[in-house]
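The values are calculated or read from the model by the stated rules, or taken from the named source; none is laboratory data. The structure displayed is predicted, hence computed values, not measured ones. Glycine also receives a Cβ, built like all others from the backbone with ideal geometry; neighbour counts cover every protein chain displayed. SASA here: full protein model, heavy atoms, side chains in, ligands and nucleic acids out. Shrake-Rupley method; radii C 1.70, N 1.55, O 1.52, S 1.80 Å.
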Amino acid sequence: MAGDPDCPHCGGLGYLRADVPVGHADFGKLLVCTCRQEEVGRLNRQRLYSLSQLNQLKELTFENFEPRGRVGLGGAQADSLELAFNQAQQFAQRQQGWLLLQGKYGCGKTHLAAAIANFAVQFGIQPIFLTVPDLLDSLRFAYNDPDSTFEERFEQIRQSPLLVLDDFGTQNATAWAQEKLFQIVNHRYINRLATVVTTNLSLNEIEGRIRSRLEDPDLVTRVVIQAPDYRRPMDDTGHHELSSLALHGGRTFATFDPRKGEGLPADQTKNLEKVLKAAEKFAKQPRGWLVLTGGYGSGKTHLAAAIANARAELGSPPLFVMVPDLLDHLRATFSPNSGATYDRRFDEIRATPLLVLDDLGTQNMTPWVREKLYQLFNHRYNAQLPTVITTSDSLDEMDARIRARLLDTRLCTIYALTVPAYTGRGKKG
């Protein structure tokens, strides 16, 4: 493209040679004339914008986002989605600081990130929206791009007035990729440039230098979206992938048998009624820890499942898992074929809003198991996260560190079921 025909420097050519002595590194090098620099800058920005995925995501706006999710979603899942929607709108209005959106695939992260970028375009701001793998490919391509150097491309990305990094963590984590990402993130962190990051990873899975920037509460607003993948069929249970609650769908408070026709001693009948009322109360407003002890078949698992099913009906399906199965899920992450890392899986379990642990004590108490269970209990104890635990073991048989937390009456309430194993047969007439 030619320059200004009246330009006294290039005479309309649009470029000129560097005025440097022979032997200088820039001797003979063509430079863009000042008369053409603005147009070249515009073309470079246009080229960079064309690399962005935003052209394919222009339909993703705040107007067509459902802040309470699909029909049937409720409770903590819908609340987290609505919080993310509100935070994204506020960020779009201010264009200041960073916004970190975490959650599983299909929970709405990309839609909100694209809505922010599309909102900015309406006000003349030219954002860059890229998945992290595409960003790295763009940088690699710049080495062979005749119209743009690597340095120009790199500078355009890290200096963008609004940078959206979608799907952070899916990139090939080579040393080169990690270094380029850190340089971009660190530059934007130091200069407080508006940035949106979406990821399905926990913070523990992100490279340490980048994680430390994402953990800065003075700059970063972090929102964890708990909503499930919207692409699932509408009749899907919506349970956590590790949860076995679907197998206990028939165990509700309505189907719980108070066993009044069995001729049990009065104290045992009253005990069962007391525990049933406590479970119903907890289901309405989960607070602290509820521990149900008793022999096999006494009704512990039914009541724990009834609590979980009641919460699921309110739109907040908890993670319901037998402790031996939970440990198997953690061990499975060490397999090369595992789709999740140990850190990610463990963080999902220990941070879930309501955790129901069935059959604590039936697992083989190896040192590894003892340590993992202690870490799980200790995290939820310190965070005071609602938890339901069933066990047939005596508390005296448990790890002393776990027992100490279960005996803390400020957080934990223990109910011992004294009835014998349920047989399903009433009192004979």
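Return the long-range amide H neighbours of LEU314 (sequence gap of 5 or more, or a different chain), with a cut-off of under 5 Å between placed amide H atoms.
Distant-sequence amide H within range of LEU314: zero hits.
Please report, as a whole percent, how much of the solvent-accessible surface of the range 382-421 comes from carbon and sulfur atoms (probe radius 1.4 Å). Let's see the in-between values first.
Working: 950 of 2030 Å².
Result for the range 382-421: 47 percent of the exposed heavy-atom area is carbon or sulfur.
What is the set of long-range amide H partners of ALA416 at a cut-off below 5 Å, with H atoms built 1.01 Å from backbone N?
Those lying under 5 Å, H to H, from ALA416 are THR293.
With θ taken as phi - 60° and the coefficients 6.51, -1.76 and 1.60, list the Karplus ³J(HN,Hα) couplings across the range 405-415 in order, rounded to whole Hz; mark glycine and proline as x.
Values, residue by residue: 6, 5, 8, 7, 5, 5, 10, 10, 10, 10, 10 Hz.
Give me the net charge of LYS274's neighbourhood, meaning all other residues with Cβ under 13 Å from the Cβ of LYS274; Lys, Arg count +1, Asp, Glu -1. Show your work: numbers first, answer last.
Numbers: positive: LYS270, LYS277, LYS281; negative: ASP267, GLU273, GLU280.
For residues surrounding LYS274, the net value is 0.
Using modelled backbone amide H atoms (1.01 Å from N, in-plane), which distant-in-sequence or interchain residues come within less than 5 Å of GLN226's amide H?
Answer set, sorted by chain and number: SER80, LEU81.
Any idea what diffusion coefficient the range 121-213 gets from Stokes-Einstein, in µm²/s, Kirkwood Rh on alpha carbon pairs, 37 °C, 0.692 mPa s?
Roughly 239 µm²/s, to the nearest whole number.
For every other residue with a beta carbon closer than 13 angstrom to the beta carbon of ASP399, add +1 if it is Lys or Arg and -1 if Asp or Glu, then tell me the sum.
Working: positive: ARG370, LYS372, ARG401, ARG403, ARG405; negative: GLU371, ASP393, ASP396, GLU397.
Residues close to ASP399 contribute a combined charge of +1.
Net charge within 12 Å of ARG251 by Cβ-Cβ distance, Lys/Arg positive one each and Asp/Glu negative one each, not counting ARG251 itself?
So the surrounding residues net to -1.
In whole angstrom, how long is each semi-axis of the equivalent ellipsoid of the range 324-384, when you take the square root of 5 times every eigenvalue of its Cα gyration tensor and sort them from largest down? Let's see the in-between values first.
Values: eigenvalues 67, 47, 22 Å².
Semi-axis lengths for the range 324-384 are 18, 15, 10 Å.
Exceeding 26 Å between C-alpha atoms, which entries from my cross-link table qualify? They are LYS58/LYS104; LYS281/LYS372; LYS260/LYS281; LYS104/LYS372.
Numbers: LYS58/LYS104 22 Å; LYS281/LYS372 30 Å; LYS260/LYS281 21 Å; LYS104/LYS372 24 Å.
Pairs exceeding 26 Å: LYS281/LYS372.
Quantify, in whole percent, the carbon and sulfur part of the accessible surface of the range 154-210 (1.4 Å probe; protein heavy atoms only). Please list the in-between numbers first.
Values: 1010 of 2030 Å².
Within the range 154-210, the accessible surface is 50 percent carbon and sulfur.
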